[in-house]
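Structure first, commentary second.
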Amino acid sequence: MRVGLIGVGRIGMVHAGTLAALPEVEPLFIADLDGRRAAVAAAGVGAVAAASVTDLFAARPDAVVVAAPTPEHDALIRAAVTAGIPVFCEKPIADEVAAARRLVVDLARARVPVQVGFQRRFDPGYQAIREAVGAGKLGWLHTLRACTSDPAPPHAGYIPTSGGIFHDCGVHDYDAIRYVTGREVVDVYATGSNRGARFFGEAGDVDTAAAVLTLDDGTLAVCTATRYNGAGYDVRLEVCGSAGTMVAGLDEHAPLPTAPPSPWPGGTPYPGFLARFSTAYEAEMRTFLAVAAGRVSNPCTPRDALRAMMIAEAATRSWRSGRRVAVAEVERARR
Ligand SMILES: NC(=O)c1ccc[n+]([C@@H]2O[C@H](COP(=O)([O-])OP(=O)(O)OC[C@H]3O[C@@H](n4cnc5c(N)ncnc54)[C@H](O)[C@@H]3O)[C@@H](O)[C@H]2O)c1
């Protein structure tokens, strides 16, 4: 299968390594706005560097992976679909809800698949919980607790371009909650706080946030996110029901020293998302090639991405206004 990869920054390099190692990928074309970066990445994994994105499309790949920055996603998805090429795109599908909504409407007529990169759907822990919930093993659900805690903030210049903590960090939890429960989120009450660097507040953002989500069957979900988790990278989802509880992300790497001290979990925390989700990133790429070949159905559609984005937007509106915000309000809004 001829595969094109667009953008080889942090996440694109992960996908480059995965794709280049798959025997069915031959050749792998790599394009980046920074031609030198594309050349170095291609040489490193034995791929073919394309001089530009236009050249990459001209090579007629059978599938395209988009790992360019968020503002490029909408146009690159449209370019691939117009050329009839199945496309995998990193989240989010667009930089604003209105643009994402237009894209989803336009893609409804598309005949080629568009898979979106919410990699927690490929983590064995999240998958096992989804299976257990679907089989009724946890009974009816009452409480979900999700956390996305980064050990240290990204550089100051990133924050104004991030979309804010609910879109940048929380959105993964919102998608995971939809994925494991199979339910929709009805409304969100969110709040946030700044006790770290001033650049969060200056960018109109917070460094720590909490959101309470109500699902359409009445289940409550509490989602927290922070940029300052000194103990280490911590991403977990606890799903509690009338008959049982399951937790994803609670292994020996969890940065959760107990009081009083106990030997478990005593491992080294993951340094960040790339290490924590390495197997999930690999599984999602393998699945995308199967989706592109028509062997399996799409595990994460643009509509899924839009739903998660609307929850993040409702959380953002709630934090700004102090109101409990219905996701339907975001759905109805023109902008
Ligand atoms: N699913 C996840 O866990 C996850 C993790 C990280 C990033 N992401 C998403 O992936 C995307 C990329 O993030 P990143 O952190 O790798 O960014 P990055 O800045 O590290 O890399 C982006 C790369 O794209 C290149 N680029 C910029 N404009 C381009 C264009 N028009 N055409 C081709 N290449 C272009 C840049 O030169 C750079 O090499 C973002 O949308 C982000 O939200 C997802």
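The values are calculated or read from the model by the stated rules, or taken from the named source; none is laboratory data. Predicted model, so just to flag it, every value in this text is computed and none were measured. Cβ: placed from backbone, ideal geometry, glycine included. Neighbour counts: every protein chain shown. Please note that ligands, DNA and RNA were not included when accessible areas were found on the heavy atoms of the full protein model with its side chains. Shrake-Rupley method; radii C 1.70, N 1.55, O 1.52, S 1.80 Å.
Could you tell me which of rounded, prolate or oblate describes segment 3-120, using a ≥ b ≥ c as the square roots of the eigenvalues of the alpha-carbon gyration tensor, with rounded for a/c under 1.5 and, failing that, prolate when a/b is larger than b/c and oblate otherwise? It is prolate, given that a/c is not under 1.5 and a/b is the larger ratio. Between helix 73-82 and the chain there is an angle of about 50 degrees, using the helix long axis and the longest principal axis of the Cα atoms. Can you give me the angle between helix 171-181 and the longest principal axis of the chain, using Cα atoms only, in degrees from 0 to 90, rounded to the nearest 10? It is inclined by approximately 80 degrees.
Please state the charge dipole magnitude for the chain, taken about the Cα centre, from unit charges on C-beta atoms (+1 on K and R, -1 on D and E), reported in debye and rounded to the nearest 20.
560
Just in segment 72-124: which trypsin sites (Lys or Arg not before Pro) are loop by DSSP and have at most 16 other Cβ atoms within 10 Å?
Answer in residue order: Arg109, Arg111.
Taking only protein heavy atoms and a 1.4 Å probe, the accessible area of segment 3-120 is 56% carbon and sulfur.
The antiparallel fraction among DSSP beta bridges confined to segment 142-240 stands at about 75%.
Simple spin-label estimate for Ala128 and Glu24 gives 2.7 nm between the two label positions (7 Å along the Cα-to-Cβ direction from each Cα).
Under 5 Å between amide hydrogens, built in the peptide plane, is the criterion, and for Leu5 it picks out Phe29, Ile30, Ala31, Val65 among residues at least 5 positions away or on other chains. Here's the picture: charge each Lys and Arg Cβ at +1 and each Asp and Glu Cβ at -1 in the chain, and of Trp264, Ala80, Ser149 the one pushed furthest to the positive end of that dipole is Ala80. When both bridge partners sit in segment 3-120, DSSP labels roughly 0% of those beta bridges antiparallel. Angle of helix 35-45 to the longest C-alpha principal axis of the chain, folded into 0 to 90 degrees and rounded to 10: 80°.
Please state the relative contact order of the chain as a whole percent: Cα pairs under 8 Å, 6+ residues apart?
With pairs under 8 Å counted, the relative contact order is 19 percent.
Net charge dipole, segment 193-272: roughly 280 debye, given to the nearest 20, about the Cα centre with Cβ charges of +1 for Lys and Arg and -1 for Asp and Glu. At a probe radius of 1.4 angstrom, the accessible area of segment 3-120 per residue rounds to 42 square angstrom. I'd like the distance separating the alpha-carbon centroids of segment 45-61 and segment 310-334, in whole Å. Using only Cα atoms, the two centres lie 40 Å from each other.
Working note: Karplus 6.51/-1.76/1.60 with θ = phi - 60° gives segment 130-141 the couplings 4, 5, 5, 5, x, 8, x, 5, 9, x, 8, 7 Hz, where Gly and Pro are set to x.
Length gain on complete extension for the stretch Asp62 to Arg195, per 0.36 nm per residue less the alpha carbon to alpha carbon distance?
Details: separation 133, 0.36 × 133 = 47.88 nm, distance 4.82 nm.
Between Asp62 and Arg195, full extension yields an extra 43.1 nm.
Net charge dipole, segment 3-120: roughly 240 debye, given to the nearest 20, about the Cα centre with Cβ charges of +1 for Lys and Arg and -1 for Asp and Glu.
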